[in-house]
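Written out below as structure tokens is the structure these notes cover.
The values are calculated or read from the model by the stated rules, or taken from the named source; none is laboratory data. Being a predicted model, the structure only gives us computed values, none of them experimental. Cβ placement follows ideal geometry from the backbone for every residue including glycine, while neighbour counts extend to all protein chains displayed.
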Amino acid sequence: VPSTCDWRKAGTISPVRDQQHCNCCWAIAAAGNIEALWAIKFHQSVEVSVQQLIDCDRCGNGCKGGFVWDAFLTVLNNRGLASEKDYPFDGSGKTHSCRAEKHKKVAWIQDFIILQACEQSIARHLATQGPITVTINMTLLQHYRKGVIKATPTTCDPIQVNHSVLLVGFGKTKSVEGRQGKAASFGSYSRPRHSMAYWTLKNSWGTQWGEKGYFRLHRGSNTCGITKFPVTARVDKPNKQQQVSCPP
Amino acid sequence: GSLRGQDPGPQPLELKEVFRLFQMQYNRSYPNPAEHARRLDIFAQNLANTQRLQEDDLGTAEFGVTQFSDLTEEEFVQLYGNQVAGEALGVSRKVGSEEWGHS
């Protein structure tokens, strides 16, 4: 496993989305996963329809929430996903009927898997195969602005996971990087830090939130339950699987 | 600390100004003065919470004003969380009973 990895540097990560008034983080994470894997494995840049996942989800919950694995099942059942352009996202939260059959499919998957709940295994898969969806406890994200969140089970319950995002990389902070700055009207303070290992995650709340739409969690302590549900699609066939290399 | 227990008179200017800037930055508006006052109160409580979050965090994270700063935690989770995941994955239930007999 390399010491650092960032799939954004390979130009394989699609733009950050904004779920707006629809509880569809699960669909956006799944779509982001498929888009990244297609870019990495087939060198094809696609933007797939999140709306198709919402409308055609087998459980029919749509904008009321769902599971990443249900999104992948929907992709399999529909024999692929239409493009975002043909089947655009409606963030209003309204219910729509499934229109999957009316559009050409631009991306599909062969299978999906859930990885071992181990950060080392997750890092290895991320670095050699591509981004992975994870589901975390979102409590601390409401007021997050930047930096690496390192929480305890008390401050961020790793059992109560309720938000799906896309894992796109990992790294370590520099030894001298500390927390300096102001939070609203409060005074500034600094705390010298040792190098800290982190995960880089892609959120679905637009680019104004966090670090241009991304955020970082501590790596190595199961912060906010990141290891609970690491799920990823597979886009290449088993006998044709090839390892890829994540940019450092 | 919380502003709830205080006399509902003029709010500190700094807080009002910060809230106004928040509204401008995130294009937030409220339908009536009562809702505006309620959101200002929530905003003030969230600001206080961010200081606690900052102290509790063991990493390098910075917490502060975001587009969600006028929401209660419950509203935030309901509006932006994965409701189904939170209910189905976070709760463990006993599915059996000690009183069951033979299988």
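Assorted remarks:
- Total residues in region B:67-81, condition of a type in the set (Val, Ile, Thr) and touching a residue at least 24 places away in the same chain (Cβ under 8 Å): 1
- Residue check, A:Phe72 closer than 22 Å to A:Asn203 by Cβ, surrounded by 15 or more Cβ atoms within 10 Å (Cβ to Cβ) and in contact with a strand residue (DSSP E or B) (Cβ under 6 Å, 6 or more places away or on another chain): yes
- Residues of region B:46-62 satisfying the condition of being buried (at least 16 other Cβ atoms within 10 Å of the Cβ) and either touching a residue at least 24 places away in the same chain (Cβ under 8 Å) or in contact with a strand residue (DSSP E or B) (Cβ under 6 Å, 6 or more places away or on another chain) (or both): B:Asn46, B:Leu47, B:Thr50, B:Leu53, B:Gln54, B:Gly59, B:Thr60, B:Ala61, B:Glu62
- Here is the figure for region B:50-79: residues that are assigned to a helix (DSSP H, G or I) and more than 7 Å from every other protein chain (Cβ to nearest Cβ) total 6.
- Residue match in region A:57-67 (condition: of a type in the set (Gly, Ala, Ser) and touching a Leu at 6+ places or on another chain (Cβ under 7 Å)): no
- Residue ID - nearest to B:Thr66 (Cα to Cα), chosen from residues in region A:209-248 that are at pLDDT 95 or above and among the hydroxyl-bearing types (Ser, Thr, Tyr): A:Tyr214
- Single unsatisfied condition, A:Tyr198 versus (1) modelled with pLDDT of 95 or more; (2) out of contact with any Phe, Trp or Tyr (no Cβ under 9 Å at 6 or more places or on another chain); (3) at the interface with chain B (Cβ under 9 Å from one of its Cβ atoms): (2)
- Residues being more than 24 Å from A:Phe42 (Cα to Cα) and either without any contact (Cβ under 8 Å) to a residue 60 or more places away in the chain or not charged (D, E, K, R) (or both) - total across region A:105-120: 4
- Selection within region A:117-174 - assigned to a strand (DSSP E or B), surrounded by fewer than 24 Cβ atoms within 10 Å (Cβ to Cβ) and within 11 Å of chain B (Cβ to nearest Cβ): A:Arg145, A:Lys146
- Of everything listed in (1) within 22 Å of A:Gln243 (Cα to Cα); (2) touching a residue at least 40 places away in the same chain (Cβ under 8 Å), the single unmet condition for A:Asp70 is (1).
- Residue match in region A:210-221 (condition: crowded, with 17+ Cβ neighbours inside 10 Å, within 23 Å of A:Ile149 (Cβ to Cβ) and touching an Asp or Glu at 6+ places or on another chain (Cβ under 7 Å)): yes
- Annotation: of all residues in region A:18-55 being within 13 Å of chain B (Cβ to nearest Cβ) and assigned to a loop (DSSP other than H, G, I, E, B), the one that is surrounded by the most Cβ atoms within 10 Å (Cβ to Cβ) is A:Cys24.
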